[in-house]
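The values are calculated or read from the model by the stated rules, or taken from the named source; none is laboratory data. Treat the numbers as computed from the prediction; the structure is a model and nothing was measured. Neighbour counts run over all protein chains shown; Cβ positions are idealised from the backbone, glycine included. For the accessible areas, the whole protein counts, side chains as well, though only heavy atoms, and no ligand, DNA or RNA atoms are used. Shrake-Rupley method; radii C 1.70, N 1.55, O 1.52, S 1.80 Å.
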Amino acid sequence: MTVRILLPLFFFLNLISLVSAQGIRGRITNAQGEAIPFANVYIPQLSTGTTSNIEGRYDLKLPEGSWKVLFQYLGYQTETRELTIGKTFQEINVQLVTQDYQIPEIKVLASGEDPAYYIMRRAIALAPYYQKQVSKYSCKVYLKGSGVFDKIPKLFEKQMKKDGVKENEAFVLETVSKIDFELPDKLKQQVLAMRSSGKDNNTSPMSMITNNLYEADKYGVVSPVGKSALKAYRFRLDGVFEDQGRTINKIKVIPKTNGNDVFSGYIYIADVFWNIHSADLKLHIPMTDVKVHQVYGEVNKNTWMPVSLDFDMDFSGMGFKMKFRYVASINEYKTTLNPALDHTFLDKLKTQQLQEQQMVEDFTAEEKKAEQLLEKSKAQKRIDALMQKTELSNRETVKLNRMIEAEAERNSPPEPLEIKSTFQVSQKQVNNDSAYWATLRPIPLTESEKVSFVKKDSFLVVSAKPEFQDSVRDSKRKFKFKHVVVGKTYDYSIDTIKRYERFTIPGLITPTILSFNSVDGLRIELPFSYYKSDSTGQMKRFSPTFAYAIARNKLDAEFSYQQRLNGLTNSWFSVSAGTTTADFNRISGLNTMTNDFYTIWLEENYKRFYRRDFLKFITSRDLANGLNLNVMLDYSENSPLANHSTYSLIKYDNKQIQPNVPANNTLSSWQLEQHQSLVGRLVLEYTPRYRYRIRNNIKVYADSKYPTYSLVYKGAFSGVLGSDTRFDLVKFGMRQKIKFGIDDHFSYNVSAGTFLNSSKVYFEEYQHFNTQPTGFLFNSSENSFRLLPFYEYSTRQSFLEGHVGWESRRLILKQLPIIKNSSISENVFVNFLSTPEIKNYTEVGYGLKHIFFFLNVDVVAGFENGKYRSSGFRVSLDMPN
């Protein structure tokens, strides 16, 4: 009885509180009465604010009192209003005046260089300071994403309709989150509320917040204030204006070479402190044009943080056309200055600027010392000396940038190995009630967005019915005969975290189940898969595969079981058994689709096969962070195979299908005979200071700044379980990939090894190399020898192998106008191999990658002991093996 009385009373009290809320709302327009979308409304005293919607309307709840309210948008003068807030909402409509820009009298170098460079060199030099100025902060973020598909291909219409997405109908998602961040990358996200007009409620605001221009380089885009900015951009000062007593410089950002990793547009830099005031930039990535609009606010003295961000994306590709916009309003900042940095120089910069304006030229050395009350390191003194220079060269700019960054790192504690990032959300926080969101939402919905949520509410009513839920469950789990033909993944999951469980069957019309080679003829492979994981980090996978070789009239079967025991130590084991047709080079042999193509269309069979009946055990565990031990034991019975098919779609007079015998001058006939092998392998890999994240009790390693070292022992033991094989192989390796942008990277992979004992090595246990000499490939040729023949230089002695590659978007041909705006990357590579059979073999090549997004071409020349050997032209597609 008490509950029945209290619930209506509680609802009534909440209704009173909603009605009695106070603040401001209204519309922001220009002089012509046109709406200004995404204008920023900010109250400095409260570190809070909001953003107008696409119709220019805003809504902001405020406590009672007198507040200074700033209305601002790029290209317009900031409007300041002193408002007294009572107990009700006030209608405050604001008309912003177009900003008048003036070219100031500013220092121009004797060379006639644009004055923008004077400003940008200081902004670039100070970027590391502003990037790490705040060691920790918390804030509240409202994020709204809204979009519409202008065109959906017929092929995807039905599925997308099931997901609540239709052509020309707006869809909206929004969250309110509490963010806590601490350098270098400790992040906690607590979702206070979440809502979507579609079926999924998946949105995370943090990427919107951390993707500010000081952090752009981390995401593969050259920041206008980054280390590489002076190499990537030209700058032009287009004007200055006054904003809240500060001089703001409007600087045109012009990429020297267009590409997917550079901005164009305007960046606004505040005088004196040389920090980012705001930005209005464009970015083109494949099939998508992005407009980025950011506004920074002074949340504490001399501390500027993003307070408003919006991203406007226009996607057109693969038959889709879509427009999407993210808008983020950030407020309630609480910041802590980084104790590892000297923050006093900001006040000195201001003092220095005032002295220049007053033309005080007799500033004495004693007065300078009086200002330096804090004891400085030698590095800090050098920083101060460069900061006081009237002009900075490009070299001095980069040097100052690096010195500030190094000083911050020197005074900071060691970077923790764990990258802590938490994301908290529950169904209680997924609130779809319109009245609730009306009290929470700082940016008003447009009419089309309201319609979108009305349709979502109608869907929720239907989806809550038991018969609807039964229908959805049946569609995921119920078997239908057509699944045998087209394939199906049955979903038995509770959710993707608590229990993720799926069973997949192949379809008979799936092209990938078919392959063709000269030994098996047409081969049909049917892979099944069962997968289950849970929130404890444990995982189980069972993968049976059945295959039939038509020309040999032979049924093959493989069974594989894998289980993760502990996700935090990466402990797992697997056991597999079966019979199959195996390539002698099982690790890096020719792609199956490529071999099919050459055999069927060109009457050239490159792969060589043997029959392998096997039982294999593998276990792996992290012994320490970044130190992993992998142990394998493999018992197999291996038999030679002969060709059973000479079929080729086109018959050539000068070609014929070759015998199934690998070409290698060191190979004896007994090394291809039937035999048994018991082979063990131990792999120890170590990556120093390997940083990681923990997701659902699973340790996930991040990209490392350090190389990965590997030590491998592989041996076979004769006389054990009938094994005929005996050898001992020791191998050492080192590899690393250093990223510079979205696709720009430098990589190397070096290994050296020797057979300590090679008394009885069968050919499948030779040290094989990744040779890909065919003119066309259906997979990437990275880290491969493009000109060496298959199998010929596989060895059972010592070897040294190395691959070095540099991929970039702006090397040589990208300077040409015809391709400089494309997504094409350039690749320079060197491959090296030395064995007793081939001495000091080197390949040098140049290639273009991602032509039409998936096509690659290479030109390569080979040299042996410094003498020219051969050359070639290679084409490959980016397709999975």
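For this structure, a couple of remarks:
- Some residue of the range 503-517 being under 30 Å from Ile694 (Cα atoms) and within 32 Å of the chain's Cα centre (by Cα): yes
- Qualifying positions in the range 634-654 - touching a residue at least 40 places away in the same chain (Cβ under 8 Å), open to solvent by 80 Å² or more (accessible area, probe 1.4 Å) and either touching a strand residue (DSSP E or B) at 6+ places or on another chain (Cβ under 6 Å) or not hydrophobic (A, V, I, L, M, F, W, C) (or both): His644, Thr646, Tyr647, Lys651
- Residue count for the range 272-299, restricted to those that are part of a strand (DSSP E or B), touching a residue at least 60 places away in the same chain (Cβ under 8 Å) and polar (S, T, N, Q): 2
- Matching residues in the range 780-822 - criterion: being modelled with pLDDT of 95 or more, aromatic (Phe, Trp, Tyr) and open to solvent by 40 Å² or more (accessible area, probe 1.4 Å): none
- The range 488-528, subset among the hydroxyl-bearing types (Ser, Thr, Tyr) and within 20 Å of Arg541 (Cα to Cα), residue most open to solvent (accessible area, probe 1.4 Å): Thr496
- Positions within the range 823-835 being assigned to a loop (DSSP other than H, G, I, E, B) and either modelled with pLDDT of 90 or more or aliphatic (A, V, I, L, M) (or both), in sequence order: Ile824, Thr835
- Qualifying residue in the range 119-139 (condition: without any contact (Cβ under 8 Å) to a residue 12 or more places away in the chain, of a type outside the set (A, V, I, L, M, F, W, C) and open to solvent by 30 Å² or more (accessible area, probe 1.4 Å)): no
One line per residue, one yes/no per condition, for (1) more than 24 Å from the chain's Cα centre (by Cα); (2) not small (Gly, Ala, Ser):
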position	(1), (2)
Ala127	no, no
Gln131	no, yes
Val134	yes, yes
Lys140	yes, yes
Gly145	no, no
Phe156	yes, yes
Gln159	yes, yes
Val165	yes, yes
Asn168	yes, yes
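- Take the conditions (1) part of a loop (DSSP other than H, G, I, E, B); (2) under 26 Å from Ser146 (Cβ atoms); Pro63 misses just one of them, which is (2).
- Among the residues of the range 474-526, those that are in contact with a strand residue (DSSP E or B) (Cβ under 7 Å, 6 or more places away or on another chain), hydrophobic (A, V, I, L, M, F, W, C) and not in a strand (DSSP E or B) comprise Ile513, Val519.
- Of the criteria (1) over 27 Å from Ile618 (Cα atoms); (2) in a strand (DSSP E or B); (3) more than 25 Å from the chain's Cα centre (by Cα), which one Phe727 fails: (1)
- Residue that is modelled with the lowest pLDDT, among those in the range 1-47 that are out of contact with any Leu (no Cβ under 8 Å at 6 or more places or on another chain) and surrounded by 19 or more Cβ atoms within 10 Å (Cβ to Cβ): Ser47
- Top-ranked residue in the range 541-580 [being outside any strand (DSSP E or B) and β-branched (Val, Ile, Thr); ranked as nearest to Tyr791 (Cα to Cα)]: Ile550
- Residues that are within 20 Å of Leu711 (Cβ to Cβ), outside any strand (DSSP E or B), open to solvent by 40 Å² or more (accessible area, probe 1.4 Å) and modelled with pLDDT of 95 or more do not occur anywhere in the range 749-770.
- Matching residues, the range 716-740, being touching a strand residue (DSSP E or B) at 6+ places or on another chain (Cβ under 7 Å) and closer than 30 Å to Glu782 by Cβ: Phe727, Leu729, Val730, Lys731, Phe732, Gly733, Met734, Arg735, Gln736, Lys737, Ile738, Lys739
- Of the criteria (1) within 25 Å of Asn212 (Cβ to Cβ); (2) at pLDDT 80 or above, which one Phe320 fails: (1)
- Note on the range 851-865: residues that are open to solvent by less than 70 Å² (accessible area, probe 1.4 Å) and either among the small types (Gly, Ala, Ser) or not in a strand (DSSP E or B) (or both) amount to 2.
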